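The block underneath contains the structure these notes are about, expressed in structure tokens.
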Amino acid sequence: MADQDQQILDSNEFAEKEKIVRGKKRTSAVWNHYDLITKTDGAWAVCKYCKHEMRAHGHVGTTNARRHTEKCDAYVKFVQTNPASNVVYDHDTYVRMFAESIIYHGYPLSMVEHINTIDLHRYLNPNVKDISRYTITKYVMGEHESRICLTCDGWTACTSRAYFALTAHFIDNDWKLNAFVLNFRRFPPPHDGESIFQFVKSLLNEWVIEKRKDVHSSSPLPLDGKYFHIRCAAHILNLIVQKGLQMIDASVKKLREVVRFIDSSDARLSAFDKAILDCGDRTSFRGKLVLDVTTRWNSTYNMIRRALDAKEAIDLFILRERELKMIFDEEWETIGNICDFLEPFYDITELFSGTQYPTSNSYLACVINIEKLLYDSHKDPSNAVRRMAKPTWEKFDKYWSEHSLILSFGLLLDPRYKMACLNDLYSSLYVPVAVEGKAKNSQAHMVMQHSVSDSGPSNLNRPFKAKKILKNFNPHSCSSRTAKSDVDSYLNLPFVVDYDGFDILEYWKAQSVSYPTLALMARDILAIPITSVASESAFSAGGRILNKLRSSLLPKNVEILVTTRSWLFGFEPEENDEEVLSVAREATTDDVAN
């Protein structure tokens, strides 16, 4: 056969380019046993075993190829000596099973290009065709279409080395909220914004995520407009309240000194326990007081709350200990007012910090209620609260003067509240004013301005519990809408009665048949975490693994151990931590040996 008359094509090129005949693909598995050659008179197929040639042009080919394979002695001998090759190879099935294996075990998508993996699969079946990581990525994203939300944060270990955690959040096809640490990586200096951006981008490239443009991030990163950026809500709350605590009243400082005095020795703790017993029925307080850390406002709130429960016992203890200054009733009242002021921030921070349930549907209601709380606090009878409210409001206005549009949809997609609740929330804060728009049609738009009405407290006054932020919302008072679309139809559905244990993901899983488009939107929006708590949980695991006793662990082993714990046990405290720590102990021994 002359070289100028033919060109033997690579098997992969044959699969991708030369299976098209009359606009149709050669889908029969029998073609896996042939190489395609081209001659001047058309396409020919060459048996891989006996080198027999036959025409493969036009409508001729598949039947002849099947008949030859059945009677080919070389092929029969090959099958007898290679039992695994007798299995009919189907490329689509191979891609699907490979993708499912990668997803189930959490392997990197680039695994399909690992040389040893390719050699192993070719040994098991010589007909296996190579897959690129872009092909497997396209398949995985097509079969498991879901937007990815990212949180990231930095941490300095006890070894003074900086680490960076990148965590992915998504809702799977079973409507379960998932969060996995993608990377827990040593992060060398500098730690400026541009360096963080390039570092995160390199991590995304490792997971072939960078090419997708629907990734949400809860870290302040300038990601070239490809990502929707949301700052950590818990961090913003901390900045807001910590600013207000700079104006803390002297009565709280006096209480702090009392708690520090009681906690300074066993003898004083015993004396305080005796004071509790001597109070009898006047107090139900049991346990011990907690001393706050001045840089952590939530610890100050916990100190005040427990002290208020033990008020009678503290007063009796002060009377018996002449070294302490008495806390007068007016000061106790001020302390109580400050506790009421801090309580909503504490409850909302706990609500925002959940990792086992969606939080984006709570964002707007909580932010508006905080805004209402701060606005009302300017008129609070307590001087201490008014002093704290001013700097707190300034910090709030810096970060939350504008509400996140995409997170606002989370409230609309909550069947307990929907659009009517949004109107109710805004009506408590703002009054509508018609203004002339600058648009081409110059239509009247609604702008919101702070109400200066002093007609009395609104229905959203503090104090309130985070679980009952919308307890005053009455869905039965809301008018219905004319159903014109799926959105209108959903909004016209009866409100779901709020109850403990309500699962919004289960609700949308049930509604995905009736409202498939809205369900996809709900899956995207409800997967957005509004805090970076998940990444901080990775640091907690890192702190248990990397401590002064295991400070010789190499950064690469720290990453392996932390990410392994995340994928195996999630972010909640686990008794199985000891299982991971045992691996850490072995890794430490190996590191020292190396």
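The values are calculated or read from the model by the stated rules, or taken from the named source; none is laboratory data. Keep in mind the model is a prediction, meaning the values are calculated, not measured. Positions of Cβ are backbone-derived with ideal geometry, glycine not excepted, and every protein chain shown enters the neighbour counts. Surface accessibility is based on the protein's heavy atoms, side chains included, excluding ligands, DNA and RNA. Shrake-Rupley method; radii C 1.70, N 1.55, O 1.52, S 1.80 Å.
Measuring r between the beta carbons of N116 and I406 and using R0 = 30 Å, the FRET efficiency lands at 0.10. Where a ≥ b ≥ c are the square roots of the eigenvalues of the C-alpha gyration tensor, would you call region 98-204 rounded, which needs a/c under 1.5, or, failing that, prolate if a/b is larger than b/c, or oblate? Cα axes put region 98-204 in the prolate bin. Packing order of peptides 186-196, 354-364, 248-258, highest average first: 354-364, 248-258, 186-196 (average count of other Cβ atoms within 10 Å over each peptide's residues).
Here, region 289-384 is characterised by an Rg to Rh ratio of 1.07, where Rg is the alpha-carbon radius of gyration and Rh the Kirkwood radius. Modelled label positions at H378 and E323, each set 7 Å beyond Cα in the direction of Cβ, lie 4.6 nm from each other. Ranking of W155, W175 by solvent-accessible surface, largest first: W155, W175 (1.4 Å probe, protein heavy atoms only, all chains present). For the pair D192 and T40, label points projected 7 Å from Cα toward Cβ lie 6.8 nm apart.
For the pair M54 and T159, a Förster radius of 60 Å applied to the C-beta separation gives a FRET efficiency near 0.30, rounded to the nearest 0.05. Once the Cα-Cα distance is subtracted from the 0.36 nm per residue extended length, the L277 to K71 segment shows a gain of 64.4 nm. Packing order of peptides 508-518, 370-380, highest average first: 370-380, 508-518 (average count of other Cβ atoms within 10 Å over each peptide's residues). Starting from the Cα-Cα distance between E350 and S101, subtract it from 0.36 nm times their residue separation and give me the gain in nm to one decimal. Result for the pair: 86.0 nm of gain on full extension. Highest-first packing order for the peptide set 383-395, 313-325, 264-276 is 383-395, 313-325, 264-276, based on the mean count of other beta carbon atoms within 10 Å. For the pair N125 and R386, a Förster radius of 56 Å applied to the C-beta separation gives a FRET efficiency near 0.15, rounded to the nearest 0.05. Between Y426 and H91, residue separation times 0.36 nm minus the direct Cα-Cα distance comes to 115.0 nm. Modelled spin labels at S202 and R260, positioned 7 Å past Cα toward Cβ, are 4.5 nm from each other.
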